Structures are given as C-alpha cells and as structure tokens.
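Read the structure below first, then the notes.
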Amino acid sequence: MRYRIFVKNQTCLSSFRQNRKWIFAFSALYLSALSYLLFFAFFRTGTTTRVNLVPFDSIVSLTVYTFKTGEDWWHWFVNVPGNLLAFMPMAIPLHFYLKGKLHRAWFFLLTVVIPCFAEMLQFVFQTGSCDVDDVILNVAGIWLGIAVLNPFRRQH
C-alpha cells in the first residue's frame, strides 16, 4: 500500500507568486536569527547540558516558583512565552512553501520534527538544555503561527 505525500489540489495564498522574494528573504533572515539564538548566542557559551524528558515539568515548576515568589520573571518570560514566540514565525515558510502541498499528516509531523531536531542539536553540541517542554512550547508556537496565517489562505 502506498501513501500519498503530496495532495492533488494544492492551495496557497494568491499573492504568493508576487511576494516570493520577500517571503524567501524573511525566511532566510528568520532561520539565521533562530540558529544564532539556539546555538551561537553569547549566553550559550559554557552551558552545561541538562536533559528533561518529563512533559510540563520545567514549565509548571518555573511558573509556580515565579508566581509564588515574584522572583525570576526574566527567566520565566524567556522560557515560556519566549519559546512560543521564537517558533511562531516558522509558520511563514512552512505555510507558504509546504501547506497544501504535503498531506496533512506529513505537515503535522514536520511541525513536530523541526523542534525535536533543534533540541537534539542543542544536546549534541552542548549549547543548551534538551528539554521536552521546549519542544512542546515550540510546536505550540508553530501551530499558533499557522492559526494566525490560516484566515489569509485562499484557494487558487
């Protein structure tokens, strides 16, 4: 049995062809900035590798600690909303280049694989913690970005 990866009726934004260069430039700039933040930023030097495979552990513990004590707001903001916001723009290249071209299941899988791959690279190169909560927040950020873009989608 063969599974179809590509969908016959391809949909995209009607102005995609007109804005292709701007979308490509934005995507390249965004991916460069994200790579810098994930792997090369000044705060990544000398980072010890920490692994958390318990879902929602660091989100809940950091949120409870921050809201109970009123301390460490910066760390909470960088970790929780920061992980959501960092991957929201990932929806733009995914939406413009792949949405409607890949079967929904493959598109869904890709939105999960990208943050997992980023976390694995952070672990391998020891540039941050390998945290399942980061993956959850990053995937939620991509989906939130797609939800924001979906109303602008039109049929050919």
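So which of Phe108, Phe123 ends up being assigned to a helix (DSSP H, G or I) and within 22 Å of Ser27 (Cα to Cα)?
Just one listed residue meets the conditions, Phe108.
Among the residues of the range 73-90, is there at least one that is part of a helix (DSSP H, G or I), out of contact with any Asp or Glu (no Cβ under 9 Å at 6 or more places or on another chain), closer than 27 Å to Ile23 by Cα and at pLDDT below 90? Yes, the conditions are met somewhere in the range 73-90.
Residue-by-condition table, conditions (1) hydrophobic (A, V, I, L, M, F, W, C); (2) in contact (Cβ under 8 Å) with a residue 24 or more places away in the chain; (3) more than 16 Å from Phe87 (Cα to Cα):
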{"site": "Lys101", "(1), (2), (3)": "no, yes, yes"}
{"site": "Ala105", "(1), (2), (3)": "yes, no, yes"}
{"site": "Pro115", "(1), (2), (3)": "no, yes, no"}
{"site": "Phe123", "(1), (2), (3)": "yes, yes, yes"}
{"site": "Gly128", "(1), (2), (3)": "no, yes, yes"}
{"site": "Asn138", "(1), (2), (3)": "no, yes, no"}
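Pick from Lys101, Lys68: which is surrounded by fewer than 17 Cβ atoms within 10 Å (Cβ to Cβ), of a type in the set (Lys, Arg) and modelled with pLDDT under 90?
Working: Lys68 fails: modelled with pLDDT under 90.
The conditions single out Lys101.
For the range 139-156, the set of residues classified as closer than 28 Å to Val54 by Cβ, surrounded by 13 or more Cβ atoms within 10 Å (Cβ to Cβ) and of a type in the set (A, V, I, L, M) consists of Val139, Ala140, Ile142, Leu144, Ile146, listed by residue number. Scanning the range 19-55 for residues that are surrounded by 10 or more Cβ atoms within 10 Å (Cβ to Cβ) and either modelled with pLDDT under 60 or farther than 30 Å from Val80 by Cα (or both) returns Asn19, Arg20, Thr47.
Does at least one position in the range 47-57 carry a residue that is assigned to a helix (DSSP H, G or I), touching a residue at least 60 places away in the same chain (Cβ under 8 Å) and within 24 Å of Arg20 (Cα to Cα)? Looking for residues that are assigned to a helix (DSSP H, G or I), touching a residue at least 60 places away in the same chain (Cβ under 8 Å) and within 24 Å of Arg20 (Cα to Cα), one finds none in the range 47-57, hence no.
The set of residues from the range 107-138 being farther than 22 Å from Asn52 by Cβ and buried (at least 16 other Cβ atoms within 10 Å of the Cβ) comprises just one member, Phe107.
When you scan the range 97-104, do you find a residue that is under 23 Å from Ala25 (Cβ atoms), part of a loop (DSSP other than H, G, I, E, B) and among the hydrophobic types (A, V, I, L, M, F, W, C), even just one? Yes, because at least one residue in the range 97-104 is under 23 Å from Ala25 (Cβ atoms), part of a loop (DSSP other than H, G, I, E, B) and among the hydrophobic types (A, V, I, L, M, F, W, C).
The values are calculated or read from the model by the stated rules, or taken from the named source; none is laboratory data. Small disclaimer: the values here were computed from a predicted structure and weren't measured. In this analysis, Cβ positions are derived from the backbone assuming ideal geometry, glycine residues included, and neighbour counts consider all displayed protein chains.
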